[in-house]
Amino acid sequence: METYTAWKSLITSGGAASAWQRFYVYFYQSFIEKDRWRQYLEGVGRTLYVTALALMLGVVLGVIVAVVRAAHDQQRPGRRNPILGALNLIFRVYVTVIRGTPMMVQLLIMGFVIFSSSKNFALVGALTLGINSGAYQAEIIRGGLMSIDSGQMEAGRSLGLGYGDTMRFIVVPQAIKAILPALGNEFIVLLKDTSLISVIGGKELLYAARAIVSRTYEAMFPFLGAAAIYLALVMIFTWLLGVFERRLRQSDRR
């Protein structure tokens, strides 16, 4: 602490400080002084919380949209269900609008227009991220469902299974193995996109780094620290995804 105080005084007074002294002072004030490392940990916790909420919402929306659109596309000629047609049109508009507009714009609209009176910025951010992710997941899941040979559906129906049971026990398990890498990539993108909620006041990892910059007037170490934490989180989840994929492949061999 005495070394830090002395070297910080040297730097602030304009003295000739070495590169090591500057590195030590900037690192210390960005991570150690006043237990600022706790702010990064709190930011990581909020980031994972927002990611989990957005992921759950995105999966629910993605599955619903994908199943409805796949069911609509797989209807036999002359047997068109008008309810499916109306839902398919609504979901097509949803997917087109969400995928066709920037995430930042969606956050600003949700934070400052639709939910302008809300103070729970993290929840608003999670809701926006979930709606956005749902559109991308819907297309990924729909592509996986449509990639399964139609004979699989016909085989299930010939065994007396209904449409729902055929999808549940025959089509979906095969589709999951095909779409898992793409869904994993979407989850990683979602994790990194949580950094955008700081523009509407959401408190997560980047918000913590920006708060430290505003106190220390030194941006390099806080932002590099946040980037390193994001990289570590992505590497951990990539490894977990790889483990899950290997277990699925092993189950296929048995």
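Of all the numbered requirements in (1) of a type outside the set (Asp, Glu); (2) surrounded by fewer than 19 Cβ atoms within 10 Å (Cβ to Cβ); (3) under 16 Å from the mean Cα position of the chain (by Cα), LEU205 misses one, and that requirement is (2).
Taking (1) in contact with a Lys or Arg (Cβ under 7 Å, 6 or more places away or on another chain); (2) farther than 23 Å from SER147 by Cβ in turn, ALA66 satisfies each apart from (2). Taking first residues from the stretch 198-227 that are without any contact (Cβ under 8 Å) to a residue 60 or more places away in the chain and partners that are assigned to a helix (DSSP H, G or I) and of a type in the set (D, E, K, R), the Cβ contacts under 9 Å between residues at least 6 apart in sequence or on separate chains come to SER198/ARG210; ARG215/LYS34; ALA219/ARG210; PHE223/ARG210.
Has the stretch 209-225 got any residue that is of a type in the set (D, E, K, R) and out of contact with any Ser or Thr (no Cβ under 8 Å at 6 or more places or on another chain)?
Start the filter on the stretch 209-225 by keeping residues that are of a type in the set (D, E, K, R), which leaves 210, 215, 218.
Narrowing further to those that are out of contact with any Ser or Thr (no Cβ under 8 Å at 6 or more places or on another chain): 215.
Yes - at least one qualifying residue is present in the stretch 209-225.
Selection of the stretch 2-56 for residues being among the acidic types (Asp, Glu), out of contact with any Phe, Trp or Tyr (no Cβ under 8 Å at 6 or more places or on another chain) and either under 30 Å from GLY134 (Cα atoms) or modelled with pLDDT of 75 or more (or both) yields ASP35, GLU42.
Within the bounds of the stretch 217-240, is there any residue that is surrounded by 15 or more Cβ atoms within 10 Å (Cβ to Cβ), in contact with a Pro (Cβ under 8 Å, 6 or more places away or on another chain) and either within 21 Å of LEU41 (Cβ to Cβ) or acidic (Asp, Glu) (or both)? Break it down into steps so the answer makes sense when it comes.
If we filter the stretch 217-240 for residues that are surrounded by 15 or more Cβ atoms within 10 Å (Cβ to Cβ), which is where we start, we get 218-219, 221-223, 225-226, 229-230, 233-234, 237.
If we keep only those that are in contact with a Pro (Cβ under 8 Å, 6 or more places away or on another chain) too, we end up with none.
No, the stretch 217-240 has no match at all.
Tally time: how many residues in the stretch 215-226 are at pLDDT 90 or above and not hydrophobic (A, V, I, L, M, F, W, C)? So the count comes out to 2. If you go through the stretch 200-224 and keep only what is in contact with a helix residue (DSSP H, G or I) (Cβ under 6 Å, 6 or more places away or on another chain), assigned to a helix (DSSP H, G or I) and within 22 Å of PHE121 (Cβ to Cβ), you end up with ILE200, LEU205, LEU206, TYR207, ALA208, ALA209, ILE212, VAL213, PRO222, PHE223.
The values are calculated or read from the model by the stated rules, or taken from the named source; none is laboratory data. All values reported here derive from a predicted model rather than from experimental measurement. In this analysis, Cβ positions are derived from the backbone assuming ideal geometry, glycine residues included, and neighbour counts consider all displayed protein chains.
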